[in-house]
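Reading through the structure tokens given below for one structure.
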Amino acid sequence: MSGLVNNKVVIVTGAARGIGAGIAADLAEKGAHVVIADLNADAARQTASKISAGGNNAIAVAVDVSSRASVKALIDQTVSRFGRLDVMFNNAGISQTCPFLKVTEEDFDRIMKVNGLGVLIGTQEAAKQMIAQGHGGKIINTASVAGKQGYPLFAHYCASKFAVVAITQAAARALAEHKITVNCFGPGVVKTELWEQLDREFLERGLTEKPEQAINEFSQSILLGRVSLPKDIAGVTTFLASDASDYVTGQTVMVDGGMVL
Ligand code: NAI
């Protein structure tokens, strides 16, 4: 698959760690020029220098995906460094587990602002750049099994991921005439620091049901019998970033081991 993304200019948001870092490292390995875009500027720099140390092309840019000005600056810096933008991965996201009856307005707004609004802004601003360039492009948004099904400990997170799927479908319709495809990929349970963070938050809030319990419950419904690692999604993300997916738009490609059918 190495030739598929050679020389593509790719932004991956939330790429300082976890799934985004995995996607970025894999695409860079396959010859793409990658922009590690993250709220955590130090971690983004570390990830970019690790990728560059392997002889691949990566730079770090600090961004808050929920701020339009910040996303515009990210795209401007990408274009001034690499001359264009071919692929935008709107991957940054936050999560929180909370029993359904305890989800507050603040919890809901906080998650929607990053996962929902962040994907809307990232899709719009990338599309404007790609339209100006005049030869199409690819926008890929990170959805989730939680964008296909409601889970009782994740009502607000699910709402935000359903929003990602909805924005993707709307954008696919709006941008097709510009040869811009818009798709999601939908991970299931991926062992990243996100889950460790959920564990810590749960302890702080003194809640009894723990994310590990949620993982165990989820795991029982994974047909392939195991949770995944960032490397398990590389095949699909390479495909979606490459010309091989030129006739695919508006889709959510699930990479969940058969968790949601
Ligand atoms: P993670 O928590 O390990 O990494 C997320 C990254 O996003 C962090 O580096 C963080 O600094 C960054 N970030 C957070 N808010 C940001 C903002 N406002 N602007 C820019 N960057 C920001 O999470 P993970 O597991 O790698 O998840 C990545 C994406 O995959 C998220 O959208 C998540 O919802 C989704 N996902 C994760 C699954 C999992 O089991 N880990 C399953 C399904 C979907």
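Within region 122-137, identify whether any single residue is within 9 Å of the ligand (Cβ to nearest atom) and either over 23 Å from Glu177 (Cα atoms) or at pLDDT 95 or above (or both), and answer yes or no. Working first, answer last.
Kept after step one, since they are within 9 Å of the ligand (Cβ to nearest atom), are these residues of region 122-137: none.
Within region 122-137, not a single residue is within 9 Å of the ligand (Cβ to nearest atom) and either over 23 Å from Glu177 (Cα atoms) or at pLDDT 95 or above (or both).
All but one of (1) modelled with pLDDT under 95; (2) surrounded by 15 or more Cβ atoms within 10 Å (Cβ to Cβ); (3) of a type in the set (Lys, Arg) hold for Arg110, so report the exception by its number.
For Arg110, the exception is condition (1).
Residues checked against (1) surrounded by fewer than 18 Cβ atoms within 10 Å (Cβ to Cβ); (2) within 15 Å of the ligand (Cβ to nearest atom); (3) aliphatic (A, V, I, L, M):
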| position | (1), (2), (3) |
| --- | --- |
| Lys161 | no, yes, no |
| Ala171 | no, no, yes |
| Ile180 | no, no, yes |
| Gly188 | no, yes, no |
| Glu201 | yes, yes, no |
| Glu204 | yes, no, no |
| Ile233 | no, yes, yes |
| Leu240 | no, yes, yes |
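Would you mind finding the one in Phe185, Phe202, Phe218 that is in a strand (DSSP E or B) and not acidic (Asp, Glu)?
Values: Phe202 fails: in a strand (DSSP E or B); Phe218 fails: in a strand (DSSP E or B).
After applying the criteria, what remains is Phe185.
In region 89-119, what residues are among the hydrophobic types (A, V, I, L, M, F, W, C) and within 13 Å of the ligand (Cβ to nearest atom)? Write out each step before concluding.
Of the residues in region 89-119, the ones among the hydrophobic types (A, V, I, L, M, F, W, C) are 89, 92, 94, 98, 100-101, 103, 108, 111-112, 114, 117, 119.
Of everything in region 89-119, those that are among the hydrophobic types (A, V, I, L, M, F, W, C) and within 13 Å of the ligand (Cβ to nearest atom) turn out to be Phe89, Ala92, Ile94, Ile111, Met112, Val114, Leu117, Val119.
Out of everything in region 123-179 that is in a helix (DSSP H, G or I) and among the β-branched types (Val, Ile, Thr), what residue ends up being farthest from Asn91 (Cα to Cα)? Let's see the steps before the verdict.
Quick first cut of region 123-179, residues in a helix (DSSP H, G or I) only: 123-133, 145-147, 155-178.
Checking which are among the β-branched types (Val, Ile, Thr) leaves us with 123, 131, 145, 164-165, 167-168.
Values: Thr123: 11, Ile131: 21, Val145: 14, Val164: 10, Val165: 13, Ile167: 14, Thr168: 13 Å.
If we take residues in region 123-179 being in a helix (DSSP H, G or I) and among the β-branched types (Val, Ile, Thr), then Ile131 is farthest from Asn91 (Cα to Cα).
Is it true that Ile19 is near the ligand (Cβ under 9 Å from one of its atoms) and buried (at least 22 other Cβ atoms within 10 Å of the Cβ)?
Values: near the ligand (Cβ under 9 Å from one of its atoms): yes; buried (at least 22 other Cβ atoms within 10 Å of the Cβ): yes.
Yes: the conditions hold for Ile19.
Is there any pair with a first residue in region 7-30 that is within 17 Å of Gly83 (Cβ to Cβ) and in a strand (DSSP E or B) and a second that is basic (Lys, Arg) and more than 10 Å from the ligand (Cβ to nearest atom) whose Cβ atoms are under 6 Å apart and which are 6 or more apart or on different chains, and what are they?
Hits for this filter: Val9/Arg84.
Enumerate the pairs (first residue in region 154-172 and under 16 Å from Glu105 (Cβ atoms); second residue anywhere and of a type in the set (D, E, K, R) and modelled with pLDDT of 95 or more) with beta-carbon separation below 7 Å, excluding pairs fewer than 6 apart on the same chain, so at least 6 apart or on different chains.
Listed pairs, sorted by first residue: His156/Asp107.
Would you mind stating whether Thr142 is in contact with a strand residue (DSSP E or B) (Cβ under 8 Å, 6 or more places away or on another chain), more than 10 Å from the ligand (Cβ to nearest atom) and of a type in the set (Val, Ile, Thr)? Write out each step before concluding.
Details: in contact with a strand residue (DSSP E or B) (Cβ under 8 Å, 6 or more places away or on another chain): yes; more than 10 Å from the ligand (Cβ to nearest atom): no; of a type in the set (Val, Ile, Thr): yes.
Against the criterion (in contact with a strand residue (DSSP E or B) (Cβ under 8 Å, 6 or more places away or on another chain), more than 10 Å from the ligand (Cβ to nearest atom) and of a type in the set (Val, Ile, Thr)), Thr142 does not qualify.
What tally of residues in region 46-66 results from selecting those that are surrounded by fewer than 22 Cβ atoms within 10 Å (Cβ to Cβ) and either without any contact (Cβ under 8 Å) to a residue 24 or more places away in the chain or under 19 Å from Ala234 (Cα atoms) (or both)?
8
Is at least one residue of region 55-64 part of a helix (DSSP H, G or I) and more than 12 Å from the ligand (Cβ to nearest atom)?
Within region 55-64, the subset part of a helix (DSSP H, G or I) is none.
No, that holds for no residue.
The values are calculated or read from the model by the stated rules, or taken from the named source; none is laboratory data. Remember, predicted model here, so these are calculated numbers, not experimental data. Positions of Cβ are backbone-derived with ideal geometry, glycine not excepted, and every protein chain shown enters the neighbour counts.
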